[in-house]
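This report refers to the structure that appears directly beneath it.
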Amino acid sequence: MRPIHLRGGWVWQGAGEPSRCDLFLTDRILQQPVARALTIHLEGCTLFPGLVNAHDHLELNHYPRSKFRDRYDNAHQWGEDVNARLDCEPYRGLRSYSLADRLFIGGLKNLLCGATTVAHHNPPHPPLFRRDYPVTALRRYGWAHSLHFQTDAQVRASYRRTPPGVPWFIHLAEGADALAASEYRRLRDLGCAGRNTVLVHGVGLSDADRTEAAQRVRGLVWCPTTNLYLLGQTASAKRWLEAGGRLALGSDSRLTASGDLLDELRAACALGFSPDEVLGLATAGAAALIGLPQAGHLRPGAQADCIALQAEGGAETLCRAHRADLALVVRGGVPQIGDPDIMAQFLIPIVMARLDGQPKAIHARLARQIARCALSEPGLQLEPVYKPSNPL
C-alpha cells in the first residue's frame, strides 16, 4: 500500500475548532512523513475520524421502516407485531435474499455515511470479517437479544461465555411501561449487569436504576430515532452521563431508525447535546465503549479511517451533514467513495455514480461488489457503462 499524504485540510481533533495540519497514513495514521507518499490536496476541506456505530443489526437494513400501531408501550410488543408478519409481504420476499447480500447492504449503508466501524448486534456471521466487507465489524463481543425473546437461562449462559474484558450487549428497558422499568433489576438479579455489560436503549430505566447502572455496567448505547419512532420518547441520555455512565450513539437498522448514523447525530443535537458532545459519542467515546481504542480518532497509530467535508468548520458541520455531503470516505487507508475531483487524485480505478442525486466516484473494487449484490442500496446508482480511470 502506497503511503498517502492528506495535505492542506483542517482536522477535527476531538473537541473545539479544527486545526490546520497534514495527515500521513498507510493502513494506520503515521507519526511523521514518509517517502514516496502520494499527496492528496484537500484545501478547503475538514477531516474527521471515521464514525463508530455502536449498535446496528447489519442484516436488517434492506427492510422498510415498520411499525403497526402509532406508539408502543415497549419494543417487545413491536417485535411480536413484526414476527406475526414475517410470512407476509414485503417481509417474506425480503427474507429470501442471501445472508451475504443482506449483510453487505448493512455494511454499505454505514460506509456511505462515514461509519467505518460498527458493532453488530446479532451472531458474528463470517461474512462480516472478510477483508472486503465494507466496514470494520467488531469481532470480539458477546450478546443476548433481550429478556423477552430469550430465557433467563439463555441470557445467563451468553453472559458467562463472554470473557470479562469483552463487551456484552443486550437490549434493555426499551419501553416506557412498568415491564421496561423492571428489566434492569431483573438483569442484575441474573448476575448479568457487570463491568462488561453494554445496555442498548435504556429508555425505561428509573432514576434509581439509572444511577446504579451508570456506575455498575460498561455503558449505554443510545438510538434516539428508533426510540422516538416506536415509543414516542427516548433515553435520558444526559442524566446517564450526569450519573457517571459512558454513552455512545448507535443507528439501529432501517427497520426502525430514520436512516443512518448521521441521522442520529442530527437527532442528538436536536435533543440538546452540543455538536462536539454528539460527535464524541460517535467517535472516540463509542470506540472506547465497544473496545476498539484504535478507532474513532486521528492520532498516530489509529486505524486510517477518515471522512472529509468540502467545508471549513467544526463538529457542527458534520452534525448537519447528510451522506451525499461527504467529500471523501477512507477506510484502512483506502479511499472508498468521494467527490470525483478528490477521488481522481488517488490514481486508483474508479466508477462514477450518483448518491442521493450527487455525483460521486467509487473505488472500482467496491463498485464491483455493489454491482454483484442482489439487493440495491436506496439512492445509489452506478453508471451503467464505465471505464476505470486506471487499469485494474
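No value in this document is a laboratory result; all are computed from the given coordinates. On a predicted model such as this, the values are computed, not experimentally measured, just so you know. Here the Cβ is made from the backbone with ideal geometry for all residues, glycine too, and neighbour counts use every protein chain on show.
Which of these values of Rg and Dmax of the Cα atoms in Å was calculated from the structure shown: (1) 20.7, 63; (2) 21.3, 80; (3) 23.1, 76?
Recomputing Rg and Dmax of the Cα atoms in Å here gives the entry labelled (1).
Using the Kirkwood radius built from alpha carbon pairs, what does the Stokes-Einstein equation give as D for the stretch 265-383 at 37 °C and 0.692 mPa s, in µm² per second?
209
With a sphere of radius 14 Å drawn around the Cβ of Tyr141, what net charge do the other residues whose Cβ falls strictly inside it have (Lys, Arg +1; Asp, Glu -1)?
Here the count lands on +3.
Pick out, from Pro18, Leu38, Ala311, the residue whose Cα sits farthest towards the positive end of the charge dipole of the chain, with +1 on the Cβ of Lys and Arg and -1 on the Cβ of Asp and Glu.
It is Leu38.
Tell me which of His171, Gly259, Pro224 sits at the most positive position along the dipole axis of the stretch 52-290, charges placed on C-beta atoms (Lys, Arg +1; Asp, Glu -1).
It is His171.
Kindly write out, for the stretch 94-101 in residue order, the coupling ³J(HN,Hα) from the Karplus curve 6.51 cos²θ - 1.76 cosθ + 1.60 (θ = phi - 60°), rounded to whole Hz, with x marking Gly and Pro.
5, 6, 7, 5, 5, 4, 4, 5
Quick one: net charge around Ala324, please, counting Lys, Arg +1 and Asp, Glu -1 for every other residue with C-beta under 11 Å from its C-beta.
Here the charged neighbours net out to 0.
Place the peptides 302-312, 339-349 in order of packing, highest mean first, counting for every residue the other Cβ atoms within 10 Å and averaging per peptide.
302-312, 339-349
Order of 194-207, 5-18 by packing, highest average Cβ count within 10 Å first? Don't skip to the end; give the middle numbers.
Values: 194-207: 22.6, 5-18: 18.2.
Going by the mean number of other Cβ atoms within 10 Å, highest first, we get 194-207, 5-18.
How much net charge surrounds His121 when only the other residues with a Cβ under 13 Å from the Cβ of His121 are counted, with Lys and Arg +1 and Asp and Glu -1?
Local net charge: -4.
What 222 nm value per residue comes from the helices of the chain, counting each DSSP H run with n ≥ 4 as -39,500 (n - 2.57) and dividing by all residues, nearest 500 deg cm²/dmol?
For the chain, the value works out to -8000 deg cm²/dmol.
Putting +1 on Lys and Arg Cβ atoms and -1 on Asp and Glu Cβ atoms, find which of Ala243, Asn196, Ala214 reaches farthest to the positive end of the dipole of the stretch 193-255.
Toward the positive end, the furthest listed residue is Asn196.
Where both partners of a DSSP beta bridge lie in the chain, what percent of those bridges are antiparallel, to the nearest 5? Each step should come with its number before you reach the end.
Working: 31 of 57 bridges.
Antiparallel bridges make up about 55 percent of those DSSP assigns within the chain.
Given charges of +1 on the Cβ of Lys and Arg and -1 on the Cβ of Asp and Glu, with all other atoms neutral, how large is the dipole of the stretch 52-290 about its Cα centre, in debye to the nearest 20?
Working: 28 positive and 25 negative charges, 138 e Å.
Rounded to the nearest 20 debye, it is 660 debye.
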